Amino acid sequence: MKISETLDKRAIKIGLNATAKEDVLKELVDVLAQVENIGDAKGILKALIERENLGSTGIGQGIAIPHGKTDKVTRLVAVLGISKSGVNFDALDGEPVYIFFLLVAPKATAGPHLKALAQISRLLRDSYFCELIRKCKTEEELFQLIKNEEEKKH
C-alpha cells in the first residue's frame, strides 16, 4: 500500500491556521470534506476527538497521525496538513506538532487503516525526510516528495 494512492493531491494543506488541538482536527476534516463526500463532518470530528481522548496520536518528533472511523466513507481517505508554527497536540514527547497525517477509514475495516498507519510511521521515521516535508512550498511539491520517497523504498 502506498500513501500516495490514498492521499489526494487536493487533500494536502501547507500552512494550517489552527493553533489548538481540536481546531487542527476541524481544519483537517474541512480539507477532507472539500475533496471527499464524507457526509457528516461533525460525526467524523467527534470520532477523532474520542480517539484523541484515549491517548494522543501525536507520536513525537513533530508528527501526529490522528485517525478515526466512520460509515460515511467507503475506502480509506487521508489528509496531510503542515503547520508552520507548530501546535500543542499533547504529543508523547511534549513537543509541538508540525506534520499532521489524518486518516479516516470505513467502520467495517481494520486492515487498510492499520497498514496505512504503519506505512506513514515508516515514512516519517526519517527525520531528514520530515525536514524536507516541512520545507515544501506547494502542495504539488509535497505530493511529489512523498511519491518519490515511496518509489525509492519499493
Pull up all non-local amide H partners of Ile12: gap of 5 or more, or a different chain, and H-to-H distance under 5 Å with H placed in the peptide plane.
-> Leu80
Taking the simple approach of a point 7 Å from Cα along Cα-to-Cβ for both Asp30 and Glu149, what is their distance in nm?
-> 2.6
Average silhouette area of the range 3-148, convex hull of alpha-carbon atoms, in square nanometres | 7.6
222 nm [θ] for the chain, helices only, -39500 (n - 2.57) per DSSP H run of 4+, per residue, to 500?
-> -14500 deg cm²/dmol
Gain in length, Lys115 to Asn88, computed as 0.36 nm per residue apart minus the alpha-carbon separation, to one decimal in nm?
-> 7.1 nm
Among DSSP beta bridges lying fully in the chain, give the percent that are antiparallel, nearest 5.
-> 45
The chain: DSSP helices with Cα axial extent of at least 15 Å and average Kyte-Doolittle hydropathy no lower than -0.5 = 21-35, 41-54, 111-124
Where does the charge balance sit around Thr109 when Lys and Arg score +1, Asp and Glu -1, over other residues with C-beta under 10 Å from its C-beta?
-> +3
Debye intensity ratio I(q)/I(0), log10, the range 1-59, q values 0.15, 0.20, 0.30, 0.31 Å⁻¹ (C-alpha model) | -0.50, -0.89, -1.24, -1.24
If you take the beta carbon distance between Thr74 and Asp126 as r and set R0 to 25 Å, what does 1/(1 + (r/R0)^6) give as a FRET efficiency, to the nearest 0.05?
-> 0.20
Sort the following peptides by mean Cβ neighbour count (other Cβ atoms within 10 Å, averaged over residues), highest first: 17-29, 44-56.
-> 17-29, 44-56
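Where a number appears in this text, it was derived from the coordinates with a stated rule and is not lab data. Please read all numbers here as calculations on a predicted model, not as lab measurements. With ideal geometry, Cβ positions are generated from the backbone for all residues, glycine too; neighbour counts draw on all protein chains shown.
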